[in-house]
Amino acid sequence: MIKDKDKILTCLQQHQKDFFDMLKEFIELESPSHEDKETSDKCSQFLEKAFRELGFRIERIPQSTCGDHIYGEIGTGEGSALILGHYDTVFPLGTIKTMPFKMEDGKAYGPGILDMKGGIVMAYFALKALIELGLMPEKKIGIFFNGDEESGSFCSSDIIIEKTQNYNCVLVMEPGINDFNAIKTKRYGRGTYDIIAHGKAAHSGSNSHLAISPLMEIARQLLYIEKWNDETEGVTFTPTVVSGGIAGTCMVPETAYLTMDVRYQTEEIAETIHKKIMNLKALTPNVRLEVQGKIDKPVMVGDKELYQKTLEIGKQYGLELKGITVGGGSDGNFTAAAGIPTLDGLGATGEFLHNSGEYIHIDHVPYRMAMVAKLLQTL
């Protein structure tokens, strides 16, 4: 007698071509977080239609600045698991022309294929296999796909937490790493800060001696903060934007800006670092320094019981799972901090997320999909 686990894997292997056909279509619907809502909503509509056809009862959650969020339910009764993912990417419109979807040498490439359109399509086919085989659990399964995760989930985090209250656990289909066996059991938290230097403007040729340069202040702050990376364990300080002045003008500007991304391993150290950043002082005489920002994403710690269950299921498909810690955050940070058992990094494996070489491993896909399907069946 063929066991359920083998039926699931065989079904998913038979759907391999369908998987990549759907993934190609999904990737070619470009969806940067906030660049063009109408374009992003073509992507959300694609997901709405696909999961509705699987039998999900779909709720579209309208947004004004990003693509609409998609929530869906299938089944009745107790909520077993909510599948969480985002369809927005970091790639601007037009990237598909220079970074087209392609499959070669055991890898599939395309903007957002690893982070995380591949993971969403994996969830779709994991569910499709259970439905086709008559193996869906007698519980409710949910999906939530948002359009603003890459920019911080400021339009969706509260909604995500609200929806997950109706489920026993959350499975995050964010990517793994370049390792068949890896899933993410801990993620750093994040704070985002703007440092604004206010100086005195002057003509850069005739009166440069009268200027008080905010650009030099930002430069000094960059060098000062750089030392913190060596001095502080469990925290990273990464400048992401520096700006000031107008190109083509002979002017020392009045104001200059620095944006910084801070990642931290524990909530305790986060509070200490937050106070340290907010109390930064100007390093240039007569410059006024203004600091704005907050801790916007809590630390994620994966649920041990859920991880152990997944570990045992993974072995059935040849995966010797290992939990890893990563600096990047996800919406799983919010659900874990809200007390909902969460497991992350269940999606595709590959490398170079947010990079022009982003890819997934083709041969890993059916086994990791089967693991997710079997997990959904048993929760």
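The values are calculated or read from the model by the stated rules, or taken from the named source; none is laboratory data. Quantities reported herein were computed from a predicted structural model and do not represent experimental measurements. No Cβ is skipped: glycine too gets one built from the backbone with ideal geometry, and neighbour counts run over all protein chains shown. For the accessible areas, the whole protein counts, side chains as well, though only heavy atoms, and no ligand, DNA or RNA atoms are used. Shrake-Rupley method; radii C 1.70, N 1.55, O 1.52, S 1.80 Å.
What list of ³J(HN,Hα) couplings, whole Hz, do you get for region 72-80 from phi and the Karplus terms 6.51, -1.76, 1.60, once you set θ to phi - 60° and write x for glycine and proline?
Residue by residue, region 72-80 yields x, 9, 9, x, 9, x, 4, x, 7 Hz.
Residue separation times 0.36 nm, minus the C-alpha to C-alpha distance between LYS5 and ALA338: what's the value? Write down the numbers at each step before the final one.
Values: separation 333, 0.36 × 333 = 119.88 nm, distance 3.22 nm.
Additional length available on full extension: 116.7 nm.
Picking from ARG368, ARG52, ARG190, which is most flexible by a Gaussian network model of the chain using Cα springs under 10 Å?
Taking springs between Cα atoms under 10 Å, the residue moving most is ARG52.
Hey, can you grab everything whose amide H is under 5 Å from the amide H of LEU133? Only 5+ residues off in sequence or another chain; H modelled, so Pro and N-termini drop out.
Correct list: empty.
Report, by chain and number, residues whose modeled amide H sits under 5 Å from the one on GLU174, excluding near sequence neighbours (fewer than 5 apart, same chain).
Here the answer is GLY345, LEU346, GLY347, since their amide H atoms fall under 5 Å of that of GLU174.
Hey, what do the phi angles of region 227-236 turn into as Karplus ³J(HN,Hα) couplings, whole Hz, using 6.51/-1.76/1.60 and θ = phi - 60°, x for Gly and Pro?
Per-residue couplings from phi come out as 5, 4, 4, 7, 8, 10, 7, x, 9, 10 Hz.
Taking the Cβ of LYS107 as the centre, find all other residues whose Cβ is under 13 Å away and add up their charges (Lys, Arg: +1; Asp, Glu: -1). The partial results should precede the final answer.
Working: positive: LYS102; negative: GLU104, ASP105, GLU351, GLU358, ASP363.
Around LYS107, the charge tally is -4.
Which value, to two decimals, describes the C-alpha radius of gyration of region 51-143 once divided by 2.2 N^0.38 Å?
Details: Rg = 15.8 Å, N = 93, 2.2 N^0.38 = 12.3 Å.
The reported ratio for this selection is 1.28.
So, by mean Cβ neighbours within 10 angstrom, what's the order for 200-211, 70-81 with the highest one leading?
70-81, 200-211
Take every DSSP beta bridge with both residues inside region 1-147 and express the antiparallel ones as a percent of the total, to the nearest 5.
On the way: 13 of 21 bridges.
Just about 60 percent of them are antiparallel.
In nm, what is the difference between 0.36 nm times the number of residues separating ASP105 and HIS203 and their Cα-Cα distance?
29.6 nm
Helix-only estimate, please: 222 nm mean residue ellipticity of the chain, summing -39500 (n - 2.57) across DSSP H runs of length 4 or more and dividing by its residues, to the nearest 500.
Working: 11 runs with 132 residues, N = 379.
The per-residue figure over the chain is -11000 deg cm²/dmol.
With an 8 Å Cα cut-off and a minimum separation of 6 or more residues, compute the relative contact order for the chain in percent.
Working: 851 pairs, mean separation 88.6, N = 379.
Reported relative contact order: 23 percent.
If you average 1/r across every pair of different Cα atoms in region 240-280 and take the reciprocal, what Kirkwood value do you get, in Å? Spell out each step's value before the answer.
Working: mean 1/r = 0.0781 Å⁻¹.
Value: 12.8 Å, from the Cα pair sum.
With contacts defined as alpha carbon pairs under 8 Å and 6 or more residues apart, what's the relative contact order of region 30-178 in percent? Walk me through the numbers on the way to the answer.
Details: 267 pairs, mean separation 49.1, N = 149.
After rounding, I find 33 percent.
When the accessible area of region 1-148 is split by element with a 1.4 Å probe, what percent falls to carbon and sulfur? Let's see the in-between values first.
Values: 3050 of 6060 Å².
Of the solvent-accessible surface of region 1-148, carbon and sulfur hold 50 percent.
What number, in percent, do you get for the relative contact order of region 211-275 if the mean sequence gap of Cα pairs under 8 Å and at least 6 apart is divided by its residue count? Working shown, then result.
Numbers: 71 pairs, mean separation 22.5, N = 65.
So the answer I get is 35 percent.
Among DSSP beta bridges lying fully in the chain, give the percent that are antiparallel, nearest 5. All intermediate terms of the calculation are to be shown ahead of the outcome.
Details: 52 of 71 bridges.
Antiparallel bridges make up about 75 percent of those DSSP assigns within the chain.
Cα centroids of region 8-32 and region 138-184: how far apart, whole angstrom?
20 Å
Going through region 275-379, which GluC sites (Glu not before Pro) have at most 12 other Cβ atoms within 10 Å and a DSSP loop state? Working shown, then result.
Numbers: sites: GLU290, GLU305, GLU312, GLU320, GLU351, GLU358; in loops: GLU320, GLU358.
Passing both the DSSP loop test and the Cβ count: GLU320.
Report the semi-axes of the equivalent ellipsoid for region 244-379 in whole Å, largest first, where each axis is √(5λ) for an eigenvalue λ of the Cα gyration tensor.
Working: eigenvalues 372, 89, 20 Å².
Result for region 244-379: semi-axes of 43, 21, 10 Å.
Grab region 120-247 and count how many Lys pairs have their alpha-carbon atoms under 28 Å apart, sequence gap of 8 or more, or different chains.
Eligible lysine pairs with Cα atoms under 28 Å apart amount to 14.
Treating the Cα atoms of the chain as identical point scatterers in vacuum, please give the log10 of the normalised Debye intensity I(q)/I(0) at q = 0.07 Å⁻¹, two decimals.
The Debye formula, applied to the Cα set alone, gives -0.36.
Which value, in debye to the nearest 20, describes the size of the charge dipole of the chain about its Cα centre when Lys and Arg Cβ atoms bear +1, Asp and Glu Cβ atoms bear -1, and nothing else is charged? Walk me through the numbers on the way to the answer.
Working: 39 positive and 52 negative charges, 78 e Å.
Once rounded to the nearest 20, the dipole reads 380 debye.
In region 131-170, if the dipole is taken from +1 on Lys/Arg beta carbons and -1 on Asp/Glu beta carbons about the Cα centre, which of LEU133, ASN146, ILE159 is farthest to the positive end?
LEU133
Pop a pseudo-label 7 angstrom from the Cα along the beta-carbon direction at both ASP36 and ILE96 and give the gap in nm to one decimal.
If labels sit at ASP36 and ILE96, their model points lie 1.0 nm apart.
Take the solvent-accessible surface of the protein heavy atoms, probe 1.4 Å, and return the percent of it on region 253-333 that carbon and sulfur atoms account for. Don't jump to the answer; show the numbers that get you there.
Details: 1990 of 4090 Å².
C and S atoms contribute 49 percent here.
With every protein chain left in place, what is the accessible area per residue of the chain in square angstrom, probe 1.4 Å?
On the way: 16380 Å² over 379 residues.
Dividing the accessible area of the chain by its residue count gives 43 Å².
Counting only Cα, what are the radius of gyration and maximum Cα-Cα distance Dmax of region 169-281, in Å?
Using the Cα atoms of region 169-281, the pair Rg, Dmax is 19.2, 65 Å.
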